[in-house]
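The structure appears right after this line, and notes come after that.
The values are calculated or read from the model by the stated rules, or taken from the named source; none is laboratory data. These figures come from a predicted structure and were not determined experimentally. Here the Cβ is made from the backbone with ideal geometry for all residues, glycine too, and neighbour counts use every protein chain on show. Side chains are part of the model used for accessible areas, which takes the heavy atoms of the whole protein and leaves out ligands, DNA and RNA. Shrake-Rupley method; radii C 1.70, N 1.55, O 1.52, S 1.80 Å.
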Amino acid sequence: MDIFALLPLISAISVFSIGLFVFLREKDSKIHFTFFLHALAVTVWLFGTFMMFINTGDRELAIFWDRFVYVGVVFIPAFMYHFYLSLTGKKPDFLFYLGYVLAFLFLVASRTRYFVDDLFVYRWGVHTEARFLHTVFLVYFTAYVLIWFVKTYKHYKQLKSPALKQQTKYILLAFFVLIPIGSLGYLPAYGIPIFPFAYLGGVVFTVILAYAVLKHNLFNIKIIAIEVLTLSIWVFVLIRTLLSETAQEVIVNASLLLFLVISGVLLVHNVLKEVRMREEMERLADKLQSANIKLRKLDEAKSEFISIASHQLRAPLTAIKGYSSMLLEDAFGKMPPASKTPMERILQSSVRLIDLVGDFLNLGRIETGKLECHFKKVDLRKLIGSLVDDFKTTQTKGLKIDFEVSGSDNFIVTADGNKIRQVISNLIDNAIKYTPKGFVRIHLYRKNEEKIIVLEIRDSGIGMSKDTLARIFEKFTRARAGISQFYTEGVGMGLYIAKEIMRAHGGKIWSESDGEGKGSAFYISLPIDFIPPETPVAWKDNKNEA
Ligand code: ADP
């Protein structure tokens, strides 16, 4: 037999085997099934070509087999498109139906004289001559193949999972080799005497896919390969057993067979379990990844919303604050004494609201990376002194508030004064808020050996459990006791923002407490020789960056 005739046969067997393997692996999977259909169509093409080659001597038979080829070939575009739809999980669309309708029409056409007729005789064999409808068919074939590549490539680009991406890459590559090389097989139909190496396309196609199957677990058919291997060993030993000549040989071979059957079953079972577990893990990892992406988008949208909303709230609130304070100062004429107290409440509430909105605004800026710090020399001692004076006059609980400075005279640091004031004010405010009676002690000192300045704010208030301590610097976290007993207006943002501000200053914030009811201490530390960045820093909470 001619070597050229063998090429399509080898190709046919390899394409059919890979198609069958894939199909057997998961009979219920649409992807596996449509791949099998495509492989079947290609097999018909290659097998028909083989039959034509071995019948070149008989003109009628050669024409018969070459027509037979088209039973498979006309379906290749439709099957490819179908395979693409299952691969991407898309629903059948217009092109899908059109593909199948055209395939059936060309199947009918290929039976007529207007598709192929007569024979070209070449040095290596024969080929039917293409007629008009064959050329129309080629337009359909080319269009679908191009659409397939463009769409599958787009799908490949959109894939997030690295494993799926690798697998799809090999599918693209395999088809890219099969279809263009295989299409050279059309040329002899137009009198171009190209050697039929086009039929080798099927072998390369199979080799690429087999590599992807083994290396990247494409179609998950590793397990079948192991099953086939195990089965062939059993058959081999079984034949040996049957062919044994002495009783002793029978016993040895039969025992070996028994051993191989048991270990083979165990092996396949274990591999199967492992494969299932890995599949499950891959599925979960994929799910997790897409959930993570969604969450991050949601988080960004939320921060953006908070920023915009807070900005819009600030202007009217500032107006309320301004007018109520002017009314209290009798700027629009004397105020009736009965209105004074309500007006003071309006003023206090608007100030609180402005602070709250400010916190939200800062939160939004932190999350979108737009919170900027403007660094200057700041005298911490002065800054804290004036804050403590303010709190002393405004607190109404009769708490004893002390401010002590030790270790040095120099408490000048490089910082954004407004932001540091916000942090410290928040800490003192908390200490007063969560202390029903007793004291709030503020202590500023230098630790020269560590080159830091430390501020300690200790109170005799409600204290914190270990569990609370661990969480208070997270966003929107409040202790249960904090919410229920004392203060209902906080939202648990202050310490989170404080932590972020301290981070931008190269400093730290932390807290200690001996337990609920035993008071708390909050600390911040700032490096003495902190060198701020040249430009105002904008930083982002990198916890959110997975
Ligand atoms: P807010 O005070 O608005 O709830 P913060 O972020 O400032 O938000 O504080 C978070 C939580 O930390 C508070 O809800 C409270 O449970 C706890 N906390 C803060 N400071 C103290 C303190 N001095 N004593 C006891 N608990 C405190």
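Annotation: extensible slack from Arg471 through Lys397 equals 23.9 nm (criterion: 0.36 nm per residue apart, minus Cα-Cα distance). Distance between the 7 Å Cα→Cβ label points at His269 and Ile308: 6.1 nm. Residue ranking by accessible heavy-atom surface, 1.4 Å probe, largest first, among Trp510, Trp234, Trp148 comes out as Trp510, Trp234, Trp148.
Remark: accessible surface ordering of Met281, Met502 (largest first) is Met281, Met502, probe radius 1.4 Å.
Taking the protein heavy atoms of the range 313-435 in the context of the full set of protein chains, the accessible area attributed to carbon and sulfur is 55 percent at 1.4 Å. FRET efficiency for the Val101 to Leu284 pair, using the beta carbon distance and R₀ = 30 Å, is estimated at 0.15.
What separates the Cα centres of the range 139-212 and the range 411-449 is a distance of 70 Å.
By how many nm would the segment from Val139 to Lys294 lengthen if fully extended, with 0.36 nm per residue of separation less the alpha-carbon distance?
Gain on stretching Val139 to Lys294: 51.5 nm.
Rounded if a/c is under 1.5, else prolate if a/b is larger than b/c, else oblate: which is the range 238-338, with a ≥ b ≥ c the root eigenvalues of its Cα gyration tensor? Verdict is prolate for the range 238-338. Annotation: per residue accessible area for the chain equals 54 Å², rounded to a whole number [probe 1.4 Å, protein chains only]. The string of couplings for the range 510-519 from the Karplus curve (6.51, -1.76, 1.60, θ = phi - 60°) is 7, 9, 9, 7, 7, x, 4, x, 10, x Hz, one whole number per residue in order, with x for Gly and Pro. Pairs exceeding 32 Å between alpha-carbon atoms, taken from Lys160/Lys508; Lys154/Lys294; Lys165/Lys475; Lys321/Lys376: Lys160/Lys508; Lys165/Lys475. Protection proxy ranking of 347-360, 307-320, 33-46, by the mean of other Cβ atoms within 10 Å over each peptide's residues and highest first, is 33-46, 347-360, 307-320.
Nonpolar atom fraction for the range 82-157, defined as the carbon and sulfur part of the 1.4 Å probe accessible area, stands at 71 percent. For the pair the range 220-283 and the range 305-332, the centres of their Cα atoms are 81 angstrom apart. The coefficient of translational diffusion for the chain, derived via Stokes-Einstein from the alpha carbon Kirkwood radius under 20 °C and 1.002 mPa s, stands at 68 µm²/s.
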